Amino acid sequence: MTTTDTQHSWESIDAIATAVRSCTACALHNGRTNAVSGSGSPTAGILIIGEGPGFNEDQQGLPFVGRSGKLLDELLAEVPLTRDDVFITNVVKCRPPDNRDPLPDEVAACRPYLQRQMELLDPRVIVTLGRHSLLRFYPEGKISKDHGKIFAWEGRILFPLYHPAAGLRNPAIKQELQQDVLRLPEALQESIRISVNQREPEEENEEQRNETDLQLVDSLSSQTAEAENAEAQLSEPILKNETTKEQGDRQLGMF
Ligand code: URA
Ligand code: SF4
């Protein structure tokens, strides 16, 4: 995976967490109790990205531990996956006051942390939760249209979902979330397929990784009640996202 905007080279996920805890790069540091860098498996093939910490996350220093987190756990359990199978983080690592949307300059200031997390984790599938997270990767995206779709993005799969908080407010959206999440094994399977075709075999253990993740896909497909349905959708073409990072920054008002 090539990197374009790395000015920082934290050596590990823990090093990023340490840096985030003392970060003052944007105004959000003023109101935080705890910065929330992220949690989960550092070898997970699936990276889940929310918007920003809420009240409970700020109190505990962990992502998605409130009501949205409970729904997220329920959704993962449908696949079935647990938090140990994924890594979860947010676009901004400190809580916006009154849970307002993060501002473009806050997203920009926090960008290097998420960027480096992606480099270190090298996830196969990026699951964005909600609009802000989707726009970080796909500025022309529209959550109402693109949720549950499987996109090819820079040698990875982008899999946008509604934000669980939206699901808590609206039962129809919760139903969409419950349907969409069942395509996660398919997204993982696609990510392995494109990695075989596209990714540079720079990692010696790439083959081993494919093997391990294929086993995970197999176990998921056989356990998922809707496996047959998911299988049927596999023939859908993968949508290509030609969007560049620059366009993404512009959409978020960084230029
Ligand atoms: N909502 C988010 O976007 N992230 C969290 O960590 C919790 C709630
Ligand atoms: Fe730093 Fe990100 Fe927190 Fe802003 S939100 S203070 S950039 S860690």
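Things worth noting here:
- The distance from the alpha carbon centre of region 32-62 to that of region 103-147 is 14 Å, rounded to a whole number.
- Karplus (6.51, -1.76, 1.60) ³J(HN,Hα), θ = phi - 60°, over region 148-158, in Hz, Gly and Pro reported as x: x, 8, 10, 10, 7, 9, 6, x, 10, 9, 9
- Cβ crowding within 10 Å, taken as a proxy for footprinting-reagent exposure, orders 94, 23, 110 from fewest neighbours to most as 23, 110, 94.
- If the chain linking residue 15 and residue 82 were pulled fully straight, counting 0.36 nm for each residue of separation and taking away their Cα-Cα distance, it would gain 21.7 nm.
- Among 35-43, 74-82, the order from most to least packed when residues are scored by Cβ within 10 Å on average: 35-43, 74-82
- Residues 48, 150 arranged by fewest to most Cβ contacts within 10 Å: 150, 48
- Less than 5 angstrom separates the built amide H of residue 90 from those of 50, all sequence-distant by 5 or more or on a different chain.
- Cβ-based exposure ranking for 95, 67, in which fewest neighbours within 10 Å come first: 67, 95
- Annotation: extensible slack from residue 194 through residue 103 equals 29.4 nm (criterion: 0.36 nm per residue apart, minus Cα-Cα distance).
The numbers here are math on the coordinates, done by the rules we state, and not lab data. Not measured: the values here are computed from a predicted model. For neighbour counting, all protein chains shown are included, and Cβ atoms are generated from backbone atoms with ideal geometry for every residue, glycine included.
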